[in-house]
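See below for the structure under consideration.
The values are calculated or read from the model by the stated rules, or taken from the named source; none is laboratory data. Everything numeric in this text was worked out from a predicted model, so none of it was measured. Cβ sites come from the backbone with ideal geometry, for glycine too, and all protein chains shown count toward neighbours. Calculation scope for accessible area: heavy atoms of the full protein, side chains included, ligands and nucleic acids excluded. Shrake-Rupley method; radii C 1.70, N 1.55, O 1.52, S 1.80 Å.
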Amino acid sequence: MCGIFGIINDKKNQAANTVLDGLKKLEYRGYDSWGISIIDEGKNQIQVDKHIGKIGEAKTNLPPGKIALGHTRWATHGGVTDNNAHPHLDCTKKIAVIHNGIVENYQELKEELLVKDHKFISETDTEVIAHLIEEKSKSKSIKEAIFETFKLLRGSNAIAVLDFTSQAIIACRNGSPLVVGIGSDQYFLASDVPAFLKETNKVYFLNDGDAVILSNSGIKLFNIETGKEKNLISQILDWKLEDAEKNGFPHFLLKEIYEQLKTIPKTTSINEKQIKELSEKIKSGYKVILTGCGTASYCALATKYFFAQIGIDAQAIPSYEFMPFSKFIDEKTIVFAISQSGETADTLIAVKEAKKRGAEIIAVINARGSTLERLADTVLSVGAGPEIAVVSTKAFTSQLATLYLLTTAVTDRLEEGKVKIINLGKVLTKWLDVQSIKRLVSLAKRLMDEEHIYLIGKHINYPATLEFALKIKETSYVHAEPFSAGELKHGVITLIQKGTPCFVLASNDEVKDEVLSSAAEIKARGGLIIGVAPFESNEFDVLIKTPDLGDLTVFANIIVGQLLGYYLGVGRGADPDKPRNLAKSVTVK
Ligand code: M6R
């Protein structure tokens, strides 16, 4: 939700262009508008260039300079207009502010500022911050003015301020992510590492309550509450530049779908000590709760089925429905919080509540340095690498593979589980050949003008239908509705007409026949039955044959949904990397 990127000491004296390039790497965080502010030595105020729409191939006419700060916006307060785009300036135009989050009390703050004659140009909550800093800096240093202003803001926020007078970028974090990049004589501030990965992998992830000042002389870290300087201990990330590039693929989404052939088997390099300790606790009777949002909640549900297979009654609760069930949590509960970003507000709220009630928190995350990582007692890092496409693919399959491995550890079959996951990678690699892709592209063409698609599956293939449908909806904007195979005939079958496409996701398992019976019922009403399964059947009008991988067939069935969503989206003119209205990490309630 909103991308922040700034640079101090740009080597090429082209800070605006450097920020523009970095913002393009962060566009997945919001693409309603973008904007850049720069200190131009020839002028006595900050220069700003901002526009609505995706940053795409945009160029900026801002003058040369060494310091710039920019933003990509996912709109919350105020419509998508040039005026509402960040950065926002104070009345003197010497303070530019960009922001990720929501200032819940901005109305009351604004009223006080209006009385003091501050002029507002936008409808945003962010502009209030610029004027508040201006007001406070009349009697205080810029550092104190910013820290005091930040303390007045209610809600989860990260702010970054470009200050003309001190020629510095000053940023504060409470709830929304910020990371600094330490290059050789150049310093970066961003919401996420890909923005500056080209220049450095030496980073520091800010904690809540941290502030940083980036200036010519380097980076200083502070505690916002006390105003005192802290020791900044940086770390080197093992991410490579190509992780943040498309590498010849037309879209990040397609690249990331293919990366799964490596990222799924990579999960076997799991921390065995951690997994064994956890499995001992589960064996000893700890309650297991799995939670997450969107795709991560489907991972939770699929894992619930894997746990059921080994006789453990795990609960899967979407984080946004967590509260009514939180009262059942006690000190003998393990909560697995599943999240790609580790910054999803609803997931964090659920985790905080579970923690309050004494649960042990296990974060199953992909991104690094997140809030969830800090809240958790144990971090199961799934190591899929940066996921840039807004639509989640490789993070999901790595999370599911990791949790599957955990279930094998609980039954002392971890080695067997690892062999299966490694084999899964190999089989998927063979299966995803030119022929399979041709079949999917031709199916996508056939479905191109459909407005409604239905999906059925049972047991482990039920969460697979949820994830498959979400991929179709997010990527192509086709309405795709998933059901448990048993559910359809209890009402929704009324919607089936001649030719209505209905996907049937199945595996060679104990419910295969039941699923085929449901398919037959739909077929009898004229539905077009598209099987996604490792076997043939007379019920299927079309078959996308997946490899028979036993209980892991579900991975292949889901990848069909990812690819189909991608090809449908491209065919229908959508942007598969940046679906409309979506943000990669939803840091607001
Ligand atoms: O970063 P998280 O995994 O916590 O994000 C959760 C959801 O917002 C996310 O999975 C969302 O549903 C994606 N758009 C799925 O593709």
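Could you tell me how many degrees, from 0 to 90 and to the nearest 10, lie between the Cα long axis of helix 414-431 and the main elongation axis, the longest principal axis, of the Cα atoms of the chain?
90
Tell me, what is the percent relative contact order of the stretch 131-257, built from C-alpha pairs under 8 Å that lie six or more residues apart?
18
Near Lys584, which lysines are there with a Cα under 19 Å away, not counting those fewer than 8 places off in the same chain?
Lys24, Lys25, Lys54, Lys246, Lys255, Lys394, Lys471, Lys473
Rounded to the nearest whole Å², what accessible area per residue is found for the stretch 433-576 with the 1.4 Å probe?
On a per-residue basis, the stretch 433-576 sits at 38 Å².
How many percent of the accessible area of the stretch 3-244 is carbon or sulfur, using a 1.4 Å probe?
46
Taking the Cα atoms of the chain, what is the range of coordinates along each of the three principal axes, in descending order and whole Å?
Sorted largest first, the three principal extents are 77, 53, 44 Å.
How would you classify the stretch 246-431 from its alpha-carbon gyration tensor, with a ≥ b ≥ c the square roots of the eigenvalues: rounded for a/c under 1.5, else prolate if a/b is greater than b/c, otherwise oblate?
Oblate, since a/c reaches 1.5 and b/c is not below a/b.
Percent of Cα-Cα pairs per 10 Å bin, from 0 to the last occupied bin, for the stretch 13-133, please list those.
For the stretch 13-133, the binned pair fractions read 15, 45, 32, 8, 0 percent.
Under 22 Å between alpha carbons, and skipping anything fewer than 8 positions from Lys512 in its own chain: which lysines qualify?
Within the straight-line limit of under 22 Å, Lys512 reaches these lysines: Lys304, Lys420, Lys458, Lys489, Lys523, Lys545.
Using the per-residue mean of other Cβ atoms lying within 10 Å as a proxy for protection, in what order, highest first, do the peptides 430-442, 262-274, 119-131 fall?
Top to bottom by mean Cβ count within 10 Å: 119-131, 262-274, 430-442.
Give me the percent of the accessible area of the stretch 433-576 that comes from carbon and sulfur atoms, probe 1.4 Å, all protein chains in place.
49
What percentages make up the Cα-Cα pair-distance distribution of the stretch 294-334 when the bins are 10 Å wide from 0?
Pairs per bin, as whole percents: 28, 50, 22.
Mind checking the angle between helix 106-115 and the chain's longest principal axis? C-alpha axes, 0 to 90 degrees, to the nearest 10.
20
Quick one: pull the percent of accessible area on the stretch 246-431 belonging to carbon and sulfur, 1.4 Å probe, ligands and nucleic acids left out.
For the stretch 246-431, the apolar C and S fraction of the accessible surface comes to 55 percent.
Can you tell me which of 188-195, 34-41, 416-423 comes out highest on packing, and rank the rest after it, using the mean Cβ neighbours within 10 Å?
Averaged packing, sorted descending, gives the order 188-195, 34-41, 416-423.
Rounded, prolate or oblate for the stretch 3-244? Axes are the square roots of the Cα gyration tensor eigenvalues, ordered a ≥ b ≥ c, and the cut-off for rounded is a/c under 1.5.
Rounded.
Is the shape of the stretch 142-254 rounded, prolate or oblate, going by the alpha carbon gyration tensor and its root eigenvalues a ≥ b ≥ c, with a/c under 1.5 for rounded and a/b larger than b/c for prolate?
It comes out prolate by the Cα gyration axes.
Using only the Cα atoms, work out Rg/Rh for the stretch 433-576, with Rh taken as the Kirkwood radius, to two decimals.
0.93
Could you state the accessible area per residue of the stretch 164-312 in Å², with a 1.4 Å probe and every protein chain left in place?
Per residue, the stretch 164-312 has 41 Å² of solvent-accessible surface.
Using only Cα atoms and rounding to the nearest 10 degrees, what angle (0 to 90) does helix 15-25 make with the longest principal axis of the chain?
Orientation of helix 15-25: about 20 degrees from the principal axis.
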